[in-house]
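Asks: Right, I'll just put the structure down here and ask away after.
The values are calculated or read from the model by the stated rules, or taken from the named source; none is laboratory data. From a predicted model like this one, the values you see are computed outputs, not experimental measurements. FYI the Cβ positions are ideal-geometry reconstructions off the backbone, even for glycines, and counts take in every protein chain you see. The accessibility values were calculated without ligands, DNA or RNA, using every heavy atom of the protein model including side chains. Shrake-Rupley method; radii C 1.70, N 1.55, O 1.52, S 1.80 Å.
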Amino acid sequence: MMKVNSNTRFFLAALLSLVLLLCAVSELGYCSGEESAIRMKLGGVHDCKGSQNSAEIENLARFAVQEHNNKENTILEFARVLKAKEQVVAGKIYHLTLEVIDAGKKNIYEAKVWVKPWMNFKQLQEFKHAPDVSSFTPSDLGVKRDGHEPGWQAVPTQDPGVQDAANHAVKSIQQRSNSLYPYELLEILLAKAKVIEDYAKFNLLLKLRRGIKEEKFRVEVNMNIEGKFYLSQFEQDHS
């Protein structure tokens, strides 16, 4: 029987420890319970280094929507990525805020996708509805700097935040009206917004219908930090 001296035993023990350590670091538990280890070793969540509109991020977003559709037998349609963050684990977990189309209506969802490129591994960890999340954020327009307010900036009329502001304005106009006919939002013609401190202002030109009559209104709607809207002013536009 071959004898193993102490130096050899020490070398073998050190080598085995190194192999186990590398296994744990590279896979965070792949050798012994990947799911439990990944939860213990999560890194911090940071903004993605690349653009949220990059092809890689968009592909991950489309994958998340398709996986959710397959699992839940739904037919959500991907629209765009609103926010993207990443978390370094065994690979990366991408935290995505998505705009999707559900039966013709835009909704906001949050998804988590776990990716390990060296294993060609991609898994949807979470996909949930986020009804209170707006795609309009203070970072879109900048915040108050050096005591000076930023000016009004044009924003997309199809933005969910703009649409929520417009719908709130229509409800408020209806509540203040004595008309027996309800107001119906036909179109958001123009939309501007700006951020002041911790709230946002929307300046909108709306085309409404009341009965058979079409009318235009200019409205100003404020949104506080909690995402609550209130109509600050409105007037009929005769142009």
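Asks: Please go through (1) open to solvent by less than 20 Å² (accessible area, probe 1.4 Å); (2) modelled with pLDDT under 85 for Leu76 and return the number of the only condition it doesn't satisfy.
Replies: That leaves (2) as the condition not met.
Asks: Within the range 169-193, how many residues are crowded, with 19+ Cβ neighbours inside 10 Å and under 24 Å from the mean Cα position of the chain (by Cα)?
Replies: Going through the range 169-193 one residue at a time, the tally reaches 3.
Listed here are the residues, each with its yes/no results for (1) of a type outside the set (A, V, I, L, M); (2) within 20 Å of Gly151 (Cβ to Cβ); (3) assigned to a strand (DSSP E or B); (4) in contact with a Cys (Cβ under 9 Å, 6 or more places away or on another chain).
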site	(1), (2), (3), (4)
His168	yes, no, no, no
Ile173	no, no, no, no
Val195	no, yes, yes, no
Ala200	no, yes, yes, no
Leu205	no, yes, yes, no
Val219	no, yes, yes, no
